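Colleague: Let me give you the structure first, and then I'll get to my questions.
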Amino acid sequence: MFDFSVILPHWPQLLAGLGVCFGVSMAAIVLGFVFGWAICLGSVGPLRALSLACRLYVSFFRGTPLLVQLTLVFYALPALGISLPPLLAAVVALTLNTSAFQGEILRAGFRLLPRGQMEAARDLGLSRWQVLRHIQMPQVFRSMLPALTNETIDIIKNSALVSAVAVTELMRTAQVLASTTYRPIEFFVSAGLLYLLLTLFVARCGRWLESRLRAA
Amino acid sequence: MSSPLAIQLRNVRKSYGSHEVIKGISLDVAPREVVTIIGGSGSGKSTLLRCMNFLEEYDSGEILIDNQLIGYGIRVTGDYHRLPGRIVRDSLRDVCMVFQQFNLWPHLPVIDNVALPLRLVKDIPVAEARERARAQLEHVGLAHKADAWPGQLSGGQQQRVAIARALAMQPRIMLFDEPTSALDPELVGEVLNVIRTLSDEGMTMVIVTHEMGFAAKVSDKVVFLADGLIEEQGPPEQIFAAPQSPRLRQFLNTWRERQN
Ligand SMILES: Nc1ncnc2c1ncn2[C@@H]1O[C@H](COP(=O)(O)OP(=O)(O)OP(=O)(O)O)[C@@H](O)[C@H]1O
Ligand SMILES: [Mg+2]
């Protein structure tokens, strides 16, 4: 009944799809990490208006479906005269989305730090930025690494949604091949396995980084 | 003309919301003098100390360190205005504080806890900062723990690292807020010994403590705080042997009962 040999000739396409999925997700995670810090610092910072803006941003991107956000980037931006190639648009949408989540993760990390550590740093003469850079950020990153690994895995899985807007990543490739060969089970199972391998690999990397960073 | 005083408080007041915690305190600390502050819980000891290095902003009055007003500038009109953080930090570079909870940075090895402020604040290159940090750790008897993580040390050792970290900045004034209160009884002595050495070396110190025996031995002046005011102050012989105010007498009695 199931004949997995049908996928053999199509391996290169599936792997290429996996590559696009990985590339898009990683670009979004890395860019989202940078923006996430900005959003986190904005919302814990002293400027009221900025803090409010960051919170609104987070509420929007956390509270609406990714598909809605993708559609907005794809169709609303061109209406405003900004048109991006599909791949770039996919990265932009995923970045906007994950930066909201990563911002929240990092903000939670800030609240866990005992205030005394920052007071000692200030007392010794460190500037606000130095306290942030050398005392707070490394510890927040460290304690939030497991949550950030989870977010990376979420983004990899969510990236399947960008197939809806004409990016030929893994999911899209599987859909196309399934319908041309009439073998949906074989192709979707294969795609699923590839996603699983990728997320297992990411989880592994996360744990490796954690153990490297762990203070004894 | 320079004043002979290291720290000068003039009618300092501080409120949290509508709750006034420091109600007008004046206090002089001469160079090389050791002043201990005692008093019941909630009497405002920590708040007063934290005003001195501007971890808390005071609301009125004046705090002068080496004759320089801390935290505020005075306009020609006579108004006070809050100075920017950079200037406040600079005017407090000679003052360092040691906290009840040590407040070491757990993500850095002991040596870098001491070396980091040297690098960042004094712009000393890494190798030299580490060198100096090691010497300072030696001073508190912890050179052999230089490469350990703070979490691997006992409370007493952590507090000595915190003291070394402060000393490395070469302050002329040290503030201690209950430096031994978080320690197991058998570890109190090692920290008090380090503080006593500092007083022998002529460090100007203000120490909040519940260790009355220690206060009696090390202080030039003892200040008893009650309800945000100085209830009584004087040399330790007077404060501990011949207290005048009834509240101080009661405070000392309660303390003695607890010792037995
Ligand atoms: N950040 C704060 N916000 C509001 N109230 C505060 C704050 N810090 C201290 N207080 C209040 O100010 C008063 C004095 O507190 P402070 O910590 O100075 O007392 P203390 O003499 O150091 O007491 P302890 O011996 O318990 O350390 C207390 O009533 C306390 O509840
Ligand atoms: Mg206190």
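Colleague: Taking the Cα centre of each part, how many Å lie between the range A:157-185 and the range A:78-136?
Modeller: Result: 33 Å between the Cα centres.
Colleague: Work from the charge dipole of chain A (Cβ charges, +1 for Lys and Arg, -1 for Asp and Glu, about the Cα centre) and give the residue of A:PRO9, A:LEU132, A:THR168 farthest towards its positive end.
Modeller: Result: A:LEU132.
Colleague: Using a 10 Å cut-off around each Cβ, can you sort B:GLU211, B:GLU138 from fewest to most neighbouring Cβ atoms?
Modeller: The order, fewest Cβ neighbours first, is B:GLU138, B:GLU211.
Colleague: Cβ under 10 Å from A:GLY17's Cβ, A:GLY17 left aside: what net charge do those residues give with Lys, Arg +1 and Asp, Glu -1?
Modeller: That works out to 0.
Colleague: When Lys and Arg each count +1 and Asp and Glu each count -1, what net charge do the other residues less than 9 Å away from B:GLY156, Cβ to Cβ, add up to?
Modeller: Net of charged neighbours comes to -2.
Colleague: Let me ask something else. Kirkwood Rh over Cα pairs of the protein assembly as shown into Stokes-Einstein at 25 °C, 0.890 mPa s: D in µm²/s?
Modeller: 93
Colleague: What's log10 of I(q)/I(0) for chain B at q = 0.13 Å⁻¹, Debye sum over Cα points only, no solvent?
Modeller: The calculated log intensity ratios at q = 0.13 Å⁻¹ are -0.88.
Colleague: Still on this model: With each label point set 7 Å from Cα along the Cα-Cβ vector, what nm distance links A:ARG204 and A:PHE2?
Modeller: Spacing of the two 7 Å Cα→Cβ label points: 2.3 nm.
Colleague: Along each of its three principal axes, how wide is the spread of alpha-carbon positions in the range A:62-125, in whole angstrom units, largest first?
Modeller: The Cα atoms of the range A:62-125 stretch 53, 24, 18 Å along their principal axes.
Colleague: So what are the ³J(HN,Hα) numbers for the range B:120-137, from phi and the Karplus equation (6.51, -1.76, 1.60; θ = phi - 60°), rounded to whole Hz, Gly and Pro as x?
Modeller: 7, 8, 9, 6, 8, x, 3, 4, 5, 4, 5, 4, 5, 4, 4, 4, 5, 5
Colleague: Taking the Cα atoms of the range A:4-215 alone, what are Rg (to one decimal) and Dmax (as a whole number) in Å?
Modeller: 20.2, 70
Colleague: Residues of B:110-121, mean number of Cβ from any other protein chain within 10 Å of their own Cβ, rounded to a whole number?
Modeller: 3
Colleague: Could you pull the Rg and Dmax for the range B:131-202, using just the Cα atoms, both in Å?
Modeller: 11.7, 32
Colleague: Give the relative contact order (percent, whole number) for the range B:73-211; include only Cα pairs under 8 Å separated by 6+ residues.
Modeller: 29
Colleague: Specify the residue with the greatest mean-square fluctuation among B:MET97, B:MET52, B:MET203, computed from a Gaussian network of chain B linking alpha-carbon atoms under 10 Å apart.
Modeller: Maximum among the listed residues: B:MET203.
Colleague: Right, here's the next one. Within the range B:48-65, list the residues whose amide N lies under 12 Å from a label point set 7 Å along Cα→Cβ of B:ILE74.
Modeller: B:61-64, by backbone N distance to the label point.
Colleague: Long-range amide H contacts for B:PHE176: which residues qualify at under 5 Å (H placed 1.01 Å from N, peptide plane, sequence gap of 5 or more or a different chain)?
Modeller: The answer is B:VAL98, B:VAL206, B:ILE207, B:VAL208.
Colleague: So what's the back-of-envelope 222 nm ellipticity for chain A, counting only DSSP H runs of four-plus at -39500 (n - 2.57) apiece and dividing by all residues, rounded to 500?
Modeller: -25000 deg cm²/dmol
Colleague: Let me understand the range B:1-59 better: what is its radius of gyration from the alpha carbons, and its Dmax, in angstrom?
Modeller: According to the Cα coordinates of the range B:1-59, Rg and Dmax are 12.3, 40 Å.
Colleague: Roughly how big is chain A's charge dipole about its Cα centre, with Cβ charges of +1 (Lys, Arg) and -1 (Asp, Glu), in debye to the nearest 20?
Modeller: In debye, rounded to 20, chain A gives about 740.
Colleague: About the Cα centre, and with charges only on the beta carbon of Lys, Arg (+1) and Asp, Glu (-1), how big is the dipole of the protein assembly as shown? Nearest 20 debye, please.
Modeller: Here the protein assembly as shown has a charge dipole of around 780 debye.
Colleague: Using Cβ counts within 10 Å as a stand-in for footprinting exposure, how do A:ARG115, A:ARG122, B:ARG134, A:ARG55 rank, fewest first?
Modeller: The order, fewest Cβ neighbours first, is A:ARG115, A:ARG55, B:ARG134, A:ARG122.
Colleague: In addition: As a footprinting exposure proxy, order A:THR168, A:THR98, A:THR173 by other Cβ within 10 Å, with the fewest listed first.
Modeller: Result, fewest neighbours first: A:THR168, A:THR173, A:THR98.
Colleague: Right, here's the next one. What spacing in nm lies between the two simple spin-label points modelled at A:LEU112 and A:LEU15, each 7 Å away from Cα in the Cβ direction?
Modeller: Output for this residue pair reads 3.9 nm.
Colleague: For a quick check, take a GNM of chain A with Cα springs below 10 Å and name the residue from A:THR149, A:THR181, A:THR199 with the largest mean-square fluctuation.
Modeller: A:THR181
Colleague: At a threshold of 8 angstrom on Cα-Cα distance, excluding pairs fewer than six apart, so keeping six or more, what relative contact order does chain B reach in percent?
Modeller: Relative contact order, chain B: 25 percent.
Colleague: Next question, about the same structure. Within the set of other residues whose C-beta is less than 12 Å from the C-beta of B:GLN68, count the net charge using Lys and Arg as +1 and Asp and Glu as -1.
Modeller: After counting each charged neighbour, the total is -3.
Colleague: Rounded to the nearest 0.05, what FRET efficiency do B:ALA242 and B:SER181 give with R0 = 22 Å and r taken as the Cβ-Cβ distance? Could you check?
Modeller: Computed FRET efficiency for B:ALA242 and B:SER181: 0.25.
Colleague: To the nearest 20 debye, what is the magnitude of the charge dipole of the range B:133-260 about its Cα centre, counting +1 on the Cβ of each Lys and Arg and -1 on the Cβ of each Asp and Glu?
Modeller: Rounded to the nearest 20 debye, it is 100 debye.
Colleague: List the residues whose amide H sits under 5 Å from the amide H of B:LEU183, counting only those 5 or more places along or on another chain, with H placed 1.01 Å from N in the peptide plane.
Modeller: none
Colleague: Could you tell me the relative contact order of the range A:4-215? Use alpha-carbon pairs under 8 Å, at least six residues apart, and round to a whole percent.
Modeller: Relative contact order comes out at 30 percent.
Colleague: Still on this structure, please answer the following. Stokes-Einstein diffusion coefficient for the range A:102-216 at 4 °C in a medium of 1.567 mPa s, Rh from the Kirkwood formula over Cα pairs: what value in µm²/s?
Modeller: 75
FYI, it's all coordinate maths here, none of it is from the lab. None of the values given here were measured: they were computed from a predicted structure. Neighbour counts are summed over all protein chains in view; Cβ atoms, including those assigned to glycine, are modelled from backbone coordinates with ideal geometry.
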